[in-house]
Amino acid sequence: MSYRNASVVITGGLGFIGSNLALRLAKEGAQVTIIDPLITGCGGNEHNVATIRDAIEVIPHDISETKRLAGAIRGAKVIFNLAGEISHIHSMEFPERDLLINTVAQLRFLQACVTYNPGVRVVYAGTRQVYGRPDYLPMDERHPVRPVDFNGVHKYAANMYHDMLSRSGQIDGIVLRLTNVYGPRMSLAIPCQGFLSTFLRLVLTGQNLEVFGDGRQLRDPIYVDDAVEAFVRAGLAATVEQRTINVGGPQALSLLDIAKTCARLAGDLTVSTRPFPEDRAMIDIGSYSTDTSQFERSFGWKPSITFEQGLAATLSYYRAELPHYLDPNDPRPNCGLPEHKGIQHRLLYSAV
Ligand SMILES: NC(=O)c1ccc[n+]([C@@H]2O[C@H](COP(=O)([O-])OP(=O)(O)OC[C@H]3O[C@@H](n4cnc5c(N)ncnc54)[C@H](O)[C@@H]3O)[C@@H](O)[C@H]2O)c1
């Protein structure tokens, strides 16, 4: 089984992970269709697919606008469902916006998959955020689900939609619960997209790093090529032993070590610690690392790119492409969302 000449759909394909997946699948000879309207506040960027733009189709619609998507859904061999808002902070500031993007839009889209392409393989980008504060580490899929923010609640609902529709055979879903992903094409200009985006923005603009807390919290970042490999394998897996699978990185590292590696590889920068701001402390999950044994059983492979290797490749990408990700004259983050406060997302008013 291969992707050669296969039609694949990638929702959220102009974003960080989706665009890296699009590049990989195009290289494998797939016919790639992206569905992504570049939602304000999310990390999509047309430049992410510039090198393959002539070889792919981009449908600039929201996944909830299902009548416009019938043709793409109908012809797809595999649907990679990565559309979503990743920011935990945004979800607390604009909970209804997060609900509409991460839950309502997903519900409408999956219903369309059932209608136009019943039984289709759908690989969904879930998140480890659904687990909340760990009872034990490394965390496996049996850990209780206790999200600490709206993003975790809404992503969990979408996770359950995929599970439920798969149980009844209406789709053939696999949910990859991702840990923190990093690498080329992640948004640097949007605030609140996680510590890795922030660290990269700062070191690439010559600024020192600050870590919240004592810096001993563990994370297991996964390089985007390893995460993409997980999607590629899940898309073609002949049998599905377990439908929700953790995807973690190869090493558990402290935030302080991660920051020091960023500061060292980027230049002669320093790292200090400071107390957690109140809004961050409320949704902080402490340490996290992934038990990837189910992933290895399911796909016969595990992530292998070390943080140091992945970070070196990431810095080299941004050194060449930085103006596409940050305004060199004003590299301050700005997602445009505060202007939208109180208006809510346009999905609220759109027809089903
Ligand atoms: N980046 C991570 O560390 C991480 C970790 C866990 C889970 N995830 C999940 O992976 C997925 C992709 O994350 P990313 O880092 O690439 O994010 P990103 O913000 O870079 O890209 C998301 C893309 O989805 C698009 N999008 C959002 N809502 C949409 C909708 N309703 N219809 C069509 N397109 C829509 C946005 O325009 C954007 O281009 C998300 O679902 C996220 O929850 C990411």
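In the range 22-38, what residues are touching a residue at least 24 places away in the same chain (Cβ under 8 Å) and in a helix (DSSP H, G or I)? Correct list: 22, 23, 24, 25, 26. Give the residue that is farthest from residue 101 (Cα to Cα), with candidates limited to residues of the range 148-172 that are in contact with a Lys or Arg (Cβ under 8 Å, 6 or more places away or on another chain) and within 14 Å of the ligand (Cβ to nearest atom). Checked the range 148-172; the qualifying residue farthest from residue 101 (Cα to Cα) is 162.
Contact map, the range 153-182: residues that are assigned to a loop (DSSP other than H, G, I, E, B) paired with residues that are modelled with pLDDT of 95 or more and of a type in the set (Asp, Glu), Cβ distance under 7 Å, separation 6+ or inter-chain. Pairs shown: 179/220.
Among the residues of the range 140-184, the ones that are of a type in the set (A, V, I, L, M) and out of contact with any strand residue (DSSP E or B) (no Cβ under 6 Å at 6 or more places or on another chain) come to 8 in all. Each residue in the range 27-36 was checked for being more than 9 Å from residue 9 (Cα to Cα) and either of a type in the set (S, T, N, Q) or surrounded by 19 or more Cβ atoms within 10 Å (Cβ to Cβ) (or both), and 2 of them qualify.
From 297, 332, grab the single residue that is of a type outside the set (Phe, Trp, Tyr), free of Cβ contacts under 8 Å to residues at least 60 places away in the same chain and in a loop (DSSP other than H, G, I, E, B). Just a single option satisfies the conditions, and that option is 332. A count restricted to the range 196-220 and to residues that are crowded, with 18+ Cβ neighbours inside 10 Å, among the small types (Gly, Ala, Ser) and in contact with a Pro (Cβ under 9 Å, 6 or more places away or on another chain) stands at 1. If only residues of the range 193-251 that are among the acidic types (Asp, Glu) and over 27 Å from residue 80 (Cβ atoms) are counted, the one that is modelled with the highest pLDDT is 210. Restricting 130, 145 to those that are within 20 Å of residue 287 (Cβ to Cβ) and in contact (Cβ under 8 Å) with a residue 24 or more places away in the chain reduces the list to 130.
For the range 7-20, the condition of being of a type in the set (Ser, Thr, Tyr) and touching an Asp or Glu at 6+ places or on another chain (Cβ under 8 Å) holds for at least one residue. Screening 24, 53, 4 for residues that are in contact with a helix residue (DSSP H, G or I) (Cβ under 7 Å, 6 or more places away or on another chain) and among the basic types (Lys, Arg) leaves exactly one candidate, 24. Within the range 24-56, if we keep just the residues that are within 26 Å of residue 191 (Cβ to Cβ) and among the hydrophobic types (A, V, I, L, M, F, W, C), the residue that is farthest from the ligand (Cβ to nearest atom) turns out to be 50.
A count restricted to the range 157-195 and to residues that are closer than 17 Å to residue 246 by Cβ and of a type in the set (D, E, K, R) stands at 2. Inside the range 57-90, residues that are small (Gly, Ala, Ser) and near the ligand (Cβ under 10 Å from one of its atoms) make up a count of 4. Restrict the check to the range 252-263 and report whether at least one residue is outside any helix (DSSP H, G or I), of a type in the set (Lys, Arg) and at pLDDT 95 or above. For the range 252-263, residues outside any helix (DSSP H, G or I), of a type in the set (Lys, Arg) and at pLDDT 95 or above: absent. Residues that are out of contact with any His (no Cβ under 8 Å at 6 or more places or on another chain) and not polar (S, T, N, Q) within the range 275-289 comprise 275, 276, 277, 278, 279, 280, 281, 282, 284, 285, 286, 288, listed in sequence order.
Can you say whether residue 216 is assigned to a loop (DSSP other than H, G, I, E, B) and either within 19 Å of residue 257 (Cβ to Cβ) or touching a Cys at 6+ places or on another chain (Cβ under 9 Å) (or both), as far as the supplied structure shows? Against the criterion (assigned to a loop (DSSP other than H, G, I, E, B) and either within 19 Å of residue 257 (Cβ to Cβ) or touching a Cys at 6+ places or on another chain (Cβ under 9 Å) (or both)), residue 216 qualifies. Only one entry in 41, 29 is at pLDDT below 95 and in contact with a Lys or Arg (Cβ under 9 Å, 6 or more places away or on another chain), namely 41.
Just to be sure before I move on: is residue 58 modelled with pLDDT of 95 or more, in a helix (DSSP H, G or I) and closer than 28 Å to residue 322 by Cα in the structure I sent? Steps first, answer last, please.
Working: modelled with pLDDT of 95 or more: yes; in a helix (DSSP H, G or I): no; closer than 28 Å to residue 322 by Cα: yes.
So residue 58 fails the test.
The values are calculated or read from the model by the stated rules, or taken from the named source; none is laboratory data. Because the structure is a prediction, the values reported are computed rather than measured. So basically every Cβ, Gly included, is an ideal-geometry build from the backbone, and we count neighbours across all protein chains shown.
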